[in-house]
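The values are calculated or read from the model by the stated rules, or taken from the named source; none is laboratory data. All values derive from a computational prediction rather than experimental measurement. FYI the Cβ positions are ideal-geometry reconstructions off the backbone, even for glycines, and counts take in every protein chain you see. For the accessible areas, the whole protein counts, side chains as well, though only heavy atoms, and no ligand, DNA or RNA atoms are used. Shrake-Rupley method; radii C 1.70, N 1.55, O 1.52, S 1.80 Å.
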Amino acid sequence: MTDLPSREAILDFVKSATEPVGKREIAKAFGVRGDQRRDLRHLLSDMAGDGVLDLGPDRKVHEGGGLPRVTVLTVVAAEDGEIIAVPDNWDRDTPPPRVRVKETRAPGKRGTRSGRGALGEGDRVLARIEETGRGFVAHVMKRIGRAAEDMMGIVRRDASGWYLQPVDKRIRRTLPITDVDGADEGELVLAQAEGRKARVTQRLGDPFAPKSISLIAIHAKGIPHVFPDEALAEAERSAAQAIDIDAREDLRHLPFITIDPADARDHDDALWVEARDEGGWHAVVAIADVSFYVRPDTVLDREARKRGNSVYFPDRVVPMLPEILSAGACSLVENETRAALACHLIIAPDGELSEWRFTRAVIRCAANIAYEAAADHAGIDAMWDAWRALHAARARRAPLELDLPERRVELDEAGRVVRIGIRERLDAHKMVEDYMIAANVAAAKALEAKRSPLVYRAHETPGDEKVDALRDYLKSLGIPFAKGQVIRPALFARLLDGIDDPLIREQVSMEILRSQTQAYYSSDRIGHFGLSLGSYAHFTSPIRRYSDTLVHRALVRAYRLGPGGLTDAEADDLGRTTEHISKTERRAMEAERDTVDRYVAAYLAEREGETVAARITGVTRHGLFATVDGVGGDGLLPMRALGDDYYHFDEASRTIAGERSGEAFRLGQRIDLRLAEANPVTGGLRFERLDADIAPVRGNGRRKPPSGRRGANRKGKPRRKPKERTRKR
């Protein structure tokens, strides 16, 4: 009698199958007959229970991406009543699944069956796993303590001993340190927080040394920044590959140019345009052929997928690909033959795309020029003419256009901030952007026509709740925004066009931005609300975005352009991959923003105690958030520091008003403040009023209202405040 196949043998068979298989196919492949079929069924069921295999509704067997029926989870998020956890043990290359956790309340009690109080971030539970149409759901069986938490901070010392000051400004507590591991006071460290204490696990050095500021964000966000030796070796071998010119469209005779920032280290898109005799233009958008150098399921590919994207800091870049590729073999540098994926576009006189095709090509860029030089560069008149038509078509499409300033941090050779300004927005920026959008649209529509799997860039219409909040805010400014309108980008454009005051227009633009959903990657066609496009993909930056690499692979496969195309395994896993790269993009955005905030705080630290011109960017029950004009950096002016008055917070109008004085603070308002503190480690700022007469705080943390004023009863005691009123704290 034939022995049952091992788990490993079954898994290898399922992974190598070219089409879905079930128990019958497995039994036939391994010669399982008679009563052993029942044992095989039990074995497959056990493998599914352990998450090694997935059993579909059609009883077909797939490689497992699931979870055991009972497993240990760690809570990673607990907000707005939703608890999300991930499995403690996950040894696959794919990101661990996020599991919605359900806790059953004990009858007649305020706690839960698993323990007292609601679950919080870091809690570990033993749970029964259920797979639903919306993903995994965990039913808690019992709590089993808290996971050790990695934390970055500064080592401090006082009379009571050593303690850790976290660099995350959202963490207000400090933790006693049980083991400093030789760290000195003031040193930046990684520590493991266990309960209410911490121990140092890694010393990182001086937090104010060059490149330490970005290092804080890299460690705090868990961004991979060191390539494994195996990936570096593979990148060297890949970069040394010879390009088969005969197998590609030879476009080396065309004078392509790249237009990038003056300090760009990589060039992944190049342009060439000529006018057509019959009208319109022929444009070629040539993009670095990363799919030729980074093949699916290699060490290099897995590392790129893990990173998801490059991360850009003022003092460094954490690249998605090793430098030998990102700034070398893949970069479209001038006077060098480079492999490219070419998008040929036929642009009609009205700026609409009438045709497109994709080829694998070789190009030789004539020049790498900076944005500032593009307006005067010779020989690109046709490029500008075609762009004006593209831009006119964009205007007819009426996308969401919010002209909000972008900060730029300039450093000297020692890594010190010398200037923080607003990044200039030139026509050259707009031109390159419109050509890239055209190529992205063409890529999406080309793959749709081929019925190919596709990574879309998705941006959903704002939800009703956010639109209602925006409407209430506009009402407080006397700006009408009727209900029942179909929400389109053009609606917001008309709204902004009707505002003459530039200050009001800027603050309304910020509120419109806050009303928008976050863009993300999806394997489903959802559309891009902000660009007012139905089909949109990211195709133009494969050196720095994994999403674009996948789109390139899909085009290579769909058009049969040679090796390096999208594999069946990648196509089947697009849902998980798009979820993962959406998270890495958000992680990068947060790290970049936090780092700029820290540089801003370092720049402003020398101005502590000075008066600064600021603008109110947030109004909450806790006080005002403001940013320094021309510099940026958000800081808090606490409610208790507003002055000796009773202050009411109105959520709809985003205002705080004094009950006696009538003084009001609203979003977008200009205000002079004293910079009380600028902390480069956390990136936090703290402000004070210049003229506030602050009353002493009573023991209960509330300020005594003036005698005989509203807010006190006849006995002089504070009245119970209504729910909608907030006193300064």
Q) Can you give the calculated 222 nm mean residue ellipticity of the chain, where each DSSP H run of n ≥ 4 adds -39,500 (n - 2.57) and the sum is split over every residue, rounded to the nearest 500 deg cm²/dmol? A) -8500 deg cm²/dmol
Q: Using a 1.4 Å probe and ignoring any ligands, DNA or RNA, find the accessible area of D88 and quote it in Å² to the nearest 10.
A: 60 Å²
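Any chance you could run the full-extension gain for D672 through S45? It's 0.36 nm times the residue separation minus the Cα-Cα distance, nm to one decimal. Intermediate results must be reported in sequence, preceding the final value.
Values: separation 627, 0.36 × 627 = 225.72 nm, distance 6.83 nm.
This chain segment gains 218.9 nm when fully extended.
Would you work out what percent of the accessible area of the range 369-408, with all protein chains in place, is carbon or sulfur (probe 1.4 Å)? Intermediate values should be presented prior to the final figure.
On the way: 1050 of 2250 Å².
About 47 percent, which is the carbon plus sulfur part of the accessible surface.
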Q: Of the listed pairs K15/K583; K221/K430; K102/K221; K15/K445; K169/K221, which have alpha-carbon separations greater than 23 Å here?
A: K15/K583; K221/K430; K102/K221; K15/K445
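Tell me, in nm to one decimal, what length is gained between Q202 and R586 on full extension, where the rule is 0.36 nm per residue of separation less the Cα-Cα distance? Before the final figure, lay out each step's value.
Details: separation 384, 0.36 × 384 = 138.24 nm, distance 2.61 nm.
Length difference between fully extended and current span is 135.6 nm.
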Q) Which of the peptides 236-247, 533-544 is most tightly packed, and how do the rest follow, judged by the mean count of other Cβ atoms within 10 Å per residue? A) 533-544, 236-247
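First check a/c for the range 454-525, with a ≥ b ≥ c the square roots of the eigenvalues of its C-alpha gyration tensor; if it is under 1.5, answer rounded, and if not, answer prolate when a/b is larger than b/c or oblate otherwise.
On the way: a/c = 2.44, a/b = 1.97, b/c = 1.24.
It comes out prolate by the Cα gyration axes.
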Q. Can you tell which of Q36, P453, Y473 lies farthest toward the positive end of the dipole of the chain, using +1 and -1 charges on the Cβ of basic and acidic side chains (Lys, Arg; Asp, Glu)?
A. Y473
Q) Cα centroid distance between the range 428-444 and the range 553-575, in Å? A) 23 Å
Q | Cβ-Cβ FRET estimate between D468 and R621, R0 fixed at 25 Å, reported to 0.05 | A | 0.80
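Where a ≥ b ≥ c are the square roots of the eigenvalues of the C-alpha gyration tensor, would you call the range 155-221 rounded, which needs a/c under 1.5, or, failing that, prolate if a/b is larger than b/c, or oblate? It would help to have the intermediate numbers written out before the result.
Numbers: a/c = 1.71, a/b = 1.38, b/c = 1.25.
In terms of gyration-tensor shape, prolate.
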**Q.** Solvent accessible area, Å² - Y312, 1.4 Å probe, full protein context
**A.** 80 Å²
**Q.** Separation in nanometres of the label points that stand 7 Å from Cα toward Cβ, at I526 and Q165
**A.** 4.1 nm
Q.
Need one value: the accessible area of D269 in square angstrom, 1.4 angstrom probe, rounded to the nearest 10.
A. 10 Å²
Q: Run the quick spin-label model on E121 and E413: label points 7 Å from Cα toward the beta carbon, then report their separation in nm to one decimal.
A: 4.1 nm
Q: Can you spot the aspartates and glutamates whose alpha carbon is less than 13 Å from K306's alpha carbon? Ignore those fewer than 8 places along the same chain.
A: D93, D297, E579, E585
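Can you run the Rg to Rh ratio on the range 358-451? Use alpha carbon positions and the Kirkwood inverse-distance Rh.
On the way: Rg = 17.6 Å, Rh = 16.7 Å.
With Rh from the inverse mean 1/r over Cα pairs, Rg/Rh is 1.06.
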Q: Take every Cα-Cα distance within the range 565-704, group them into 10 Å bins from 0 onward, and report for each bin the whole-number percent of pairs it holds.
A: 11, 31, 26, 15, 9, 6, 2, 0
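Give me the extension gain from V137 to D88: residue separation times 0.36 nm, minus the current Cα-Cα distance, reported in nm with one decimal. Mind dumping the intermediate values first?
Values: separation 49, 0.36 × 49 = 17.64 nm, distance 1.54 nm.
That works out to 16.1 nm of additional length.
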Q: Restricting things to alpha carbons, tell me how big the range 538-587 is in terms of Rg and Dmax, in Å.
A: 11.2, 35
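Could you tell me which of rounded, prolate or oblate describes the range 448-588, using a ≥ b ≥ c as the square roots of the eigenvalues of the alpha-carbon gyration tensor, with rounded for a/c under 1.5 and, failing that, prolate when a/b is larger than b/c and oblate otherwise? All intermediate terms of the calculation are to be shown ahead of the outcome.
Values: a/c = 2.86, a/b = 2.71, b/c = 1.06.
In terms of gyration-tensor shape, prolate.
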Q: With only alpha-carbon atoms counted, please give the Rg and Dmax of the range 240-321, in Å.
A: 16.7, 49
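What does the convex hull of the alpha-carbon atoms of the range 489-565 project to on average, in nm²?
Numbers: hull surface 28.0 nm².
Here the figure is 7.0 nm², rounded to one decimal.
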Q. Plugging the Kirkwood radius over Cα pairs into Stokes-Einstein for the range 314-363, at a temperature of 20 °C and a viscosity of 1.002 mPa s, what D comes out in µm²/s?
A. 157 µm²/s
Q.
Restricting to Cα atoms and excluding each atom paired with itself, what does the Kirkwood estimate give for the range 158-317 in Å?
A. 20.7 Å
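Mind checking the per residue accessible area of the range 460-583 for me, 1.4 Å probe, whole number of Å²? The partial results should precede the final answer.
Working: 5600 Å² over 124 residues.
Result: 45 Å² of accessible area for each residue.
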Q: Return, for the Cα atoms of the chain, the radius of gyration and Dmax in Å, separated by a comma.
A: 29.4, 98
Q) Around D184, what is the net charge, scoring Lys/Arg as +1 and Asp/Glu as -1 over all other residues with Cβ under 13 Å from its Cβ? A) -1
Q.
As a test of understanding, state the convex hull volume per residue of the range 319-401 from its alpha carbons, in Å³.
A. 156 Å³
Q: Can you work out the PRE-style zone for E406? Point 7 Å along Cα to Cβ, and I want the residues of the range 626-652 with backbone N under 18 Å.
A: 630-633
